[in-house]
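The block underneath contains the structure these notes are about, expressed in structure tokens.
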Amino acid sequence: DSRNYYSLACSDTYRFQIRRCISSAVTQALSLGYKNVYFRDLLNIKGASFYQNVLVNTICIFDNEYDKQFISRVIEPDNTICLDGYYNFRMSVIKRKWLEISKLVSDNDFILTDNDLMVEFLQYLSESMTCKEERLSVSLDKDGFILFGGENKTIAALQSLAQPLNVEEETALNVICLKPKKVVFYYDDEPSEDFCDLMDSLFTTEYVRAL
């Protein structure tokens, strides 16, 4: 496989800020991107459906804060960083936790073949989350989405780092994590049936075609 190599030089004035940015980026890549691939390999999910992708992405981001805290402690941003090296040799403790979580799903693998059961699993995960927005507005089109909370303030979107990127799956992940009492979707192109069915199952929804 091809590898990309990057080097960075800066003055001592910005050393601390750059160090923090590097640590944050590497932590995100390992705690989300690598974790997502790891889970899909463990669950043997290839060419997954919309529901399967949303479920895996939600599981991966569910306890991400804990993962980031652990991974940030093993990263040494002042030294040469090899993502595969960290993943293969420095993260055995956190990968055991991921393995245990994946076994909860794989031991009940029938969940991954039934959309209704996957919705129930997502509802179970959602119950332990806190409501971050009473009312959420989402501007959705084929190229991306924008989240608006109270007073129409934009909300920074979470990223699953799943590949390939799918706009509806990323939108669903963000809405689930925000757990609004009501969500209004403004769209140009009508969302897919799977997307609407999932959102309708989890939230009070409204769909408005943009003018």
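From (1) part of a strand (DSSP E or B); (2) open to solvent by less than 40 Å² (accessible area, probe 1.4 Å); (3) within 21 Å of Gly33 (Cα to Cα), pick out the condition that doesn't hold for Phe145.
(2)
Kindly establish whether Leu136 is part of a strand (DSSP E or B), closer than 16 Å to Ile61 by Cβ and touching a strand residue (DSSP E or B) at 6+ places or on another chain (Cβ under 8 Å).
Numbers: part of a strand (DSSP E or B): yes; closer than 16 Å to Ile61 by Cβ: no; touching a strand residue (DSSP E or B) at 6+ places or on another chain (Cβ under 8 Å): yes.
Spelling it out, it is not the case that Leu136 is part of a strand (DSSP E or B), closer than 16 Å to Ile61 by Cβ and touching a strand residue (DSSP E or B) at 6+ places or on another chain (Cβ under 8 Å).
So which residues in the range 144-169 are among the charged types (D, E, K, R) and touching a helix residue (DSSP H, G or I) at 6+ places or on another chain (Cβ under 7 Å)? Can you show your working first?
Of all residues in the range 144-169, those among the charged types (D, E, K, R) come to 151, 153, 168-169.
Glu168, Glu169 - these are the residues of the range 144-169 that are among the charged types (D, E, K, R) and touching a helix residue (DSSP H, G or I) at 6+ places or on another chain (Cβ under 7 Å).
When the range 28-42 is examined, which residues are found to be of a type outside the set (D, E, K, R) and open to solvent by 20 Å² or more (accessible area, probe 1.4 Å)? Give the derivation first.
Start the filter on the range 28-42 by keeping residues that are of a type outside the set (D, E, K, R), which leaves 28-34, 36-39, 42.
Scanning the range 28-42 gives Gln28, Ala29, Tyr34, Val37, Tyr38, Leu42.
Would you check which residues across the range 86-114 are small (Gly, Ala, Ser) and either surrounded by 10 or more Cβ atoms within 10 Å (Cβ to Cβ) or touching a Pro at 6+ places or on another chain (Cβ under 8 Å) (or both) and list them?
Narrowing the range 86-114 to residues small (Gly, Ala, Ser): 92, 102, 106.
Answer for the range 86-114, where residues must be small (Gly, Ala, Ser) and either surrounded by 10 or more Cβ atoms within 10 Å (Cβ to Cβ) or touching a Pro at 6+ places or on another chain (Cβ under 8 Å) (or both): Ser102, Ser106.
Given the conditions (1) open to solvent by 20 Å² or more (accessible area, probe 1.4 Å); (2) closer than 30 Å to Phe110 by Cβ; (3) among the aliphatic types (A, V, I, L, M), which single one is not true for Leu83?
Of the numbered conditions (1) open to solvent by 20 Å² or more (accessible area, probe 1.4 Å); (2) closer than 30 Å to Phe110 by Cβ; (3) among the aliphatic types (A, V, I, L, M), the odd one out for Leu83 is (2).
Which condition does Asp116 not pass, out of (1) within 15 Å of Thr27 (Cβ to Cβ); (2) modelled with pLDDT of 90 or more, if it passes all the others?
(1)
Could you grab me the full set of residues in the range 37-68 that are within 14 Å of Leu158 (Cα to Cα) and polar (S, T, N, Q)?
Asn57, Thr58, Asn64
Given the condition modelled with pLDDT under 95, under 15 Å from the mean Cα position of the chain (by Cα) and either surrounded by 13 or more Cβ atoms within 10 Å (Cβ to Cβ) or not polar (S, T, N, Q) (or both), answer yes or no: does some residue in the range 127-140 qualify?
Checked the range 127-140: at least one residue is modelled with pLDDT under 95, under 15 Å from the mean Cα position of the chain (by Cα) and either surrounded by 13 or more Cβ atoms within 10 Å (Cβ to Cβ) or not polar (S, T, N, Q) (or both).
Can you give me the number of residues within the range 174-198 that are open to solvent by less than 60 Å² (accessible area, probe 1.4 Å) and either closer than 15 Å to Met118 by Cβ or not in a loop (DSSP other than H, G, I, E, B) (or both)? Don't jump to the end; show me each part of the working.
Filtering the range 174-198 down to residues open to solvent by less than 60 Å² (accessible area, probe 1.4 Å) leaves 174-180, 183-185, 187, 191-192, 195-196, 198.
From the residues that got through so far, the ones that are either closer than 15 Å to Met118 by Cβ or not in a loop (DSSP other than H, G, I, E, B) (or both) too are 174-178, 183-185, 187, 195-196, 198.
So the answer is 12.
Might you let me know whether the range 152-173 holds any residue that is in a strand (DSSP E or B) and surrounded by 17 or more Cβ atoms within 10 Å (Cβ to Cβ)? Before the answer, list the steps.
Start the filter on the range 152-173 by keeping residues that are in a strand (DSSP E or B), which leaves 154-155.
Narrowing the set further to residues that are surrounded by 17 or more Cβ atoms within 10 Å (Cβ to Cβ) leaves 155.
Yes, the range 152-173 contains at least one residue that is in a strand (DSSP E or B) and surrounded by 17 or more Cβ atoms within 10 Å (Cβ to Cβ).
Just one of Ile94, Ile61 is at pLDDT below 95, touching an Asp or Glu at 6+ places or on another chain (Cβ under 7 Å) and either acidic (Asp, Glu) or in a helix (DSSP H, G or I) (or both); which is it?
Working: Ile61 fails: touching an Asp or Glu at 6+ places or on another chain (Cβ under 7 Å).
Residue meeting the stated conditions: Ile94.
The values are calculated or read from the model by the stated rules, or taken from the named source; none is laboratory data. A quick note: this is a predicted structure, and the numbers were derived from the prediction, not measured. Neighbour counts run over all protein chains shown; Cβ positions are idealised from the backbone, glycine included. SASA here: full protein model, heavy atoms, side chains in, ligands and nucleic acids out. Shrake-Rupley method; radii C 1.70, N 1.55, O 1.52, S 1.80 Å.
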